[in-house]
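Trainee: After the C-alpha cells below, expect a handful of questions from me.
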Amino acid sequence: MAIADVAAPLGQGFHALAPGDLAAVVTALDMREPPASLKRLVPEADVPLQLVRWKAADPAKYRLLYRRVGAKWLWWSRLALEDAALAAIIHDPQVELYAVADRAGVEVGMLELDFRKAGEAEIAFFGLTPGATGKGFGKWLMRRALQKAWSHEGVGRVWVHTCTLDGPSALPFYMGQGFVPYARFVEVFPDPRGLGLLGDEAPQVPVLG
C-alpha cells in the first residue's frame, strides 16, 4: 500500500489522525539526585543573562513570552487557557516562574518550575527565544533550573519532558545534563494553528488540508 493512498487500509503500525490533528512522541526524563556537575564549585563564564522572578504575572504578559519562546515548536497548551485558569497555575505559590532577561532587560527566555506534587520538581517550561539559542545559554539556564529545583527541601526527583515537535537537540541536551529517559508515549492534539491559537509558525510542521 502506498502511504499516499489514504483511502486504503493502513498497514500495521500506522494510525490515521483526524483532519486537523497532530501527533507527537513524548519522552519523559528524570533525575533522582543532583548531577555531579552541580555539586562542583566551578567558576562559570560570564553570561549576559539573568533570571527575573515573575510573581503574580499578568496572563497576557505570560502568554506573550510563552509564544515568543515556544511558537516555533508549537507550544500551545497555555494559550488555550482562559485568564482565570492560567492565573490559577502561574500564581500558585508552589509554581516558580522566571523570565530570562538580557542586559538590556529584554526577555529572551523562560523557566517554569512546578513543585505542586510533594517531593518532586517539574521543569514545566524551559526555553529561549530563537535569537538567543545556539550560544550556549541553554546550559547556563539548565544549571540555574537545577540549582533552584534541588534547593527546595524534600525534593527527591526532578523531571522534564520533551517531544518530537521540539528542536532535534532537545532530547540529547536533557540527557547530557543528567536526565534519564523513563517513559515514552504518543500525544494527539488539534493543530493550534487551526484553532487560531497560533498563526503560521512552525513551517517545518505542514498544515494538511
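The values are calculated or read from the model by the stated rules, or taken from the named source; none is laboratory data. Quantities reported herein were computed from a predicted structural model and do not represent experimental measurements. For neighbour counting, all protein chains shown are included, and Cβ atoms are generated from backbone atoms with ideal geometry for every residue, glycine included. Heads up: the accessible areas ignore ligands, DNA and RNA and are worked out on the full protein's heavy atoms, side chains in. Shrake-Rupley method; radii C 1.70, N 1.55, O 1.52, S 1.80 Å.
Trainee: The conditions are (1) surrounded by 20 or more Cβ atoms within 10 Å (Cβ to Cβ); (2) assigned to a loop (DSSP other than H, G, I, E, B), and Val100 fails exactly one of them. Which is it?
Mentor: For Val100, the exception is condition (2).
Trainee: Consider Ala84 against the criteria (1) at pLDDT 95 or above; (2) open to solvent by 50 Å² or more (accessible area, probe 1.4 Å); (3) of a type in the set (Gly, Ala, Ser); (4) closer than 17 Å to Ile123 by Cβ: it satisfies all of them except one. Which criterion is unmet?
Mentor: Checking Ala84 against (1) at pLDDT 95 or above; (2) open to solvent by 50 Å² or more (accessible area, probe 1.4 Å); (3) of a type in the set (Gly, Ala, Ser); (4) closer than 17 Å to Ile123 by Cβ, the one that fails is (4).
Trainee: Could you tell me whether Pro192 is in a loop (DSSP other than H, G, I, E, B) and either hydroxyl-bearing (Ser, Thr, Tyr) or open to solvent by 60 Å² or more (accessible area, probe 1.4 Å) (or both)?
Mentor: When the stated conditions are applied, Pro192 does not pass them.
Trainee: Related question: For residues in segment 169-183 being in a helix (DSSP H, G or I) and touching a residue at least 60 places away in the same chain (Cβ under 8 Å), which is most open to solvent (accessible area, probe 1.4 Å)?
Mentor: Met175
Trainee: I'd like the full set of residues that are under 17 Å from the mean Cα position of the chain (by Cα) and free of Cβ contacts under 8 Å to residues at least 40 places away in the same chain, limited to segment 190-209.
Mentor: Of everything in segment 190-209, nothing turns out to be under 17 Å from the mean Cα position of the chain (by Cα) and free of Cβ contacts under 8 Å to residues at least 40 places away in the same chain.
Trainee: Further, regarding this structure: For segment 30-42, state whether one or more residues are modelled with pLDDT of 95 or more, in a strand (DSSP E or B) and open to solvent by less than 60 Å² (accessible area, probe 1.4 Å).
Mentor: There is at least one residue in segment 30-42 that is modelled with pLDDT of 95 or more, in a strand (DSSP E or B) and open to solvent by less than 60 Å² (accessible area, probe 1.4 Å).
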